[in-house]
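Taking it in order: structure first as structure tokens, then the write-up.
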Amino acid sequence: MITIKKITTAIAVLGFAITLTTSCSDNKDAKEVAEETNEENLGRKEEKDADHLVEAYSANMYEIKASENAALNASTTEVKKIATLMIEAHGKMNVDIEKLAATKSITLPNDLTFEQRNDLEKITEKTGVDYDKVYISKMKDKHEDALEMLNKISEKSNDAEIKSWAQQTAPEVSAHLEMVKAADENLKNR
């Protein structure tokens with residue numbers, strides 16, 4: 001018997017696959033396009049700071065997409081709660097980045113990179129606790145990378161507003177990392 005959950009999951013996976021297929025029509029990643037646009041329109045110092053915002057925005061888009069999928073497909077309540085929190089928190093972070101980028105005429109990507117899409121496809125191949133483990137492992141890696149990047153921006157950015165944004169964002173990303181590490185430990189015993 002087909003359950004509503006199975007139908008909902010099938011629809012979500014189909015929608016995800018269609019999004020991946022239709023967004024791969026160009027040879028360049030959206031992130032590359034944004035970086036090239038910023039290179040053309042900004043000075044060297046501004047471009048470097050723009051690259052940081054592009055990277056952060058792109059990483060947040062990935063985490064949101066992965067978390068939307070996990071909210072539907074995770075098998076444990078803990079992972080579903082984390083996924084829901086990630087969607088909300090990283091969505092807000094991207095709104096903040098959009099506002100900051102707009103004040104500095106920085107172009108942001110409008111889609112995931114090819115690598116990010118391929119990575120999401122690999123995650124969706126898993127099911128059950130294996131899915132939860134892979135998702136949480138990815139979130140752990142992504143948050144470690146994000147925290148490292150934010151700390152670097154906090155120390156080296158030429159732009160006071162971007163530096164301040166990184167300093168304000170780092171504690172939340174650090175809290176996410178600790179939560180994900182705890183979930184990772186809990187899943188190791190399953």
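The values are calculated or read from the model by the stated rules, or taken from the named source; none is laboratory data. Remember, predicted model here, so these are calculated numbers, not experimental data. When we count neighbours, we look across all protein chains shown, and the Cβ atoms used for this are built from the backbone with ideal geometry, even at glycine.
Determine whether residue 126 is over 17 Å from residue 78 (Cβ atoms) and either surrounded by 15 or more Cβ atoms within 10 Å (Cβ to Cβ) or out of contact with any Gly (no Cβ under 9 Å at 6 or more places or on another chain) (or both). No.
Quick check, is residue 45 more than 10 Å from the chain's Cα centre (by Cα), farther than 15 Å from residue 137 by Cα and among the basic types (Lys, Arg)? Yes; evaluated as a whole, the condition is true for this residue. In the range 153-178, how many are without any contact (Cβ under 8 Å) to a residue 60 or more places away in the chain, within 17 Å of residue 57 (Cα to Cα) and of a type in the set (D, E, K, R)? Result for the range 153-178: 1. The test for being over 30 Å from residue 45 (Cβ atoms), under 13 Å from the mean Cα position of the chain (by Cα) and free of Cβ contacts under 8 Å to residues at least 12 places away in the same chain does not hold for residue 68.
Residues checked against (1) buried (at least 23 other Cβ atoms within 10 Å of the Cβ); (2) part of a helix (DSSP H, G or I); (3) at pLDDT 85 or above:
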{"residue": "38", "(1), (2), (3)": "yes, yes, no"}
{"residue": "50", "(1), (2), (3)": "yes, yes, yes"}
{"residue": "54", "(1), (2), (3)": "yes, yes, yes"}
{"residue": "64", "(1), (2), (3)": "no, yes, yes"}
{"residue": "83", "(1), (2), (3)": "yes, yes, yes"}
{"residue": "86", "(1), (2), (3)": "yes, yes, yes"}
{"residue": "92", "(1), (2), (3)": "no, yes, yes"}
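Within the range 97-112, the set of residues being surrounded by fewer than 16 Cβ atoms within 10 Å (Cβ to Cβ), within 14 Å of the chain's Cα centre (by Cα) and either in a helix (DSSP H, G or I) or among the hydrophobic types (A, V, I, L, M, F, W, C) (or both) is empty.
Considering the range 135-165, and only residues there that are more than 19 Å from residue 64 (Cβ to Cβ) and small (Gly, Ala, Ser), the residue that is surrounded by the fewest Cβ atoms within 10 Å (Cβ to Cβ) turns out to be 160. Condition test on residue 181, is it free of Cβ contacts under 8 Å to residues at least 40 places away in the same chain and either part of a helix (DSSP H, G or I) or surrounded by 14 or more Cβ atoms within 10 Å (Cβ to Cβ) (or both)? The answer is no for residue 181. Here the condition is being assigned to a helix (DSSP H, G or I), over 20 Å from residue 47 (Cα atoms), among the acidic types (Asp, Glu) and within 18 Å of the chain's Cα centre (by Cα); of 115, 148, it holds for 115 alone.
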